[in-house]
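Single-structure report; data block below.
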Amino acid sequence: MFRAPIHHCRQCGTAVEHRVPDDGDTKIRAVCPSCGTIHYENPLNVVGTVPHWGPTGEQVLLCKRNIEPRLGKWTLPAGFMELNETTAEGAMRETHEEAGAQIEMQGLFTLLNVARVGQVHLYYRARLLSDRFEPGPETQEARLFTEAEIPWEELAFRTVKETLERYFDDRRQGHFGVHTGDIA
């Protein structure tokens with residue numbers, strides 16, 4: 001993901017300099033020569049759920065994207081975390097916005113670093129309370145899939161594939177853990 005560099009100070013509007021600050025930092029930052037503000041740029045958090053259905057969670061809910069990137073590809077309900085919400089609140093909100101699904105949040109399931117695009121993806125397991133969905137404008141279709149039915153070659157993102165593979169592996173073992181990893 002490309003982010004345009006900072007050109008002007010967010011505090012006073014002066015054109016910034018891109019240099020290593022004089023405070024012992026080791027990275028090039030946007031530094032205001034007028035007021036001294038150092039502008040830090042941090043990764044974005046993507047939060048979502050693995051909504052599951054059935055007595056043993058044999059089906060998962062996927063959403064067919066109605067927006068770029070990856071228009072027409074399948075994904076778990078997820079999106080960017082907003083200010084003033086927890087990761088779990090954001091995951092629940094995104095699930096409702098994208099799929100119109102009613103869920104009961106469960107534990108954190110995967111935390112995947114996607115450093116090349118400056119993102120961290122966090123997925124929670126979530127038990128579906130109904131098999132009726134009302135997809136929002138970002139979703140063409142929301143439906144349940146068993147592991148064998150998942151359109152593996154039509155998944156939108158590697159983080160979704162990794163999360164689904166780990167979900168079904170854990171389901172077979174009868175125990176769900178918390179998984180972390182890096183997506184190169």
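Are any of the residues in the stretch 95-103 acidic (Asp, Glu) and at pLDDT 95 or above?
Restricting attention to the stretch 95-103, the residues satisfying the condition of being acidic (Asp, Glu) are 97-98.
Those left that are additionally at pLDDT 95 or above: 97-98.
Looking through the stretch 95-103, at least one residue is acidic (Asp, Glu) and at pLDDT 95 or above.
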Matching residues in the stretch 134-146 - criterion: being of a type in the set (Asp, Glu) and in contact (Cβ under 8 Å) with a residue 60 or more places away in the chain: GLU138, GLU141
From the list PRO33, PRO55, exactly one residue is assigned by TED's automatic domain parsing to the domain that holds ALA101 and more than 24 Å from the chain's Cα centre (by Cα). Which is it? PRO55
Does the stretch 5-16 include one or more residues that are within 30 Å of THR159 (Cα to Cα), loosely packed, with under 13 Cβ neighbours inside 10 Å and not assigned by TED's automatic domain parsing to the domain that holds LYS161? yes
Out of GLU104, GLU68, sole residue that is loosely packed, with under 12 Cβ neighbours inside 10 Å, in a strand (DSSP E or B) and among the charged types (D, E, K, R): GLU104
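Please find, within the stretch 130-184, the residue that is farthest from the chain's Cα centre (by Cα) out of those that are polar (S, T, N, Q) and loosely packed, with under 13 Cβ neighbours inside 10 Å. Before you say what the answer is, go through the steps one by one.
Looking only at the stretch 130-184, we keep the residues that are polar (S, T, N, Q), and these are 130, 139-140, 146, 159, 163, 173, 180.
Right, trim to loosely packed, with under 13 Cβ neighbours inside 10 Å and you get 130, 146, 173, 180.
Numbers: SER130: 23, THR146: 22, GLN173: 25, THR180: 14 Å.
The residue in question is GLN173.
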Select from the stretch 30-48 the residues that are at pLDDT 95 or above, among the polar types (S, T, N, Q) and under 15 Å from VAL114 (Cα atoms) and list them in ascending order. ASN45
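Looking at the stretch 42-52, which of its residues are surrounded by fewer than 19 Cβ atoms within 10 Å (Cβ to Cβ) and in contact with a strand residue (DSSP E or B) (Cβ under 8 Å, 6 or more places away or on another chain)?
Here is the first cut: in the stretch 42-52, the ones surrounded by fewer than 19 Cβ atoms within 10 Å (Cβ to Cβ) are 42-45.
The answer is PRO43, LEU44, ASN45.
Yes/no per residue for (1) more than 20 Å from CYS9 (Cα to Cα); (2) aromatic (Phe, Trp, Tyr); (3) in a loop (DSSP other than H, G, I, E, B); (4) in contact with a Ser or Thr (Cβ under 8 Å, 6 or more places away or on another chain):
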| residue | (1), (2), (3), (4) |
| --- | --- |
| CYS35 | no, no, yes, yes |
| LEU62 | yes, no, no, yes |
| GLY79 | yes, no, no, no |
| THR95 | yes, no, no, yes |
Give just the number: which of (1) under 18 Å from GLN59 (Cα atoms); (2) surrounded by fewer than 16 Cβ atoms within 10 Å (Cβ to Cβ) does ALA126 not satisfy? (2)
Regarding GLY136, is this residue assigned to a loop (DSSP other than H, G, I, E, B), outside the structural domain of GLU17 (by TED's automatic domain parsing), on the phi > 0 side of the Ramachandran plot and of a type outside the set (Asp, Glu)? no
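The values are calculated or read from the model by the stated rules, or taken from the named source; none is laboratory data. Since the model is a prediction, treat every value here as computed from it, not as a measurement. Neighbour counts run over all protein chains shown; Cβ positions are idealised from the backbone, glycine included.
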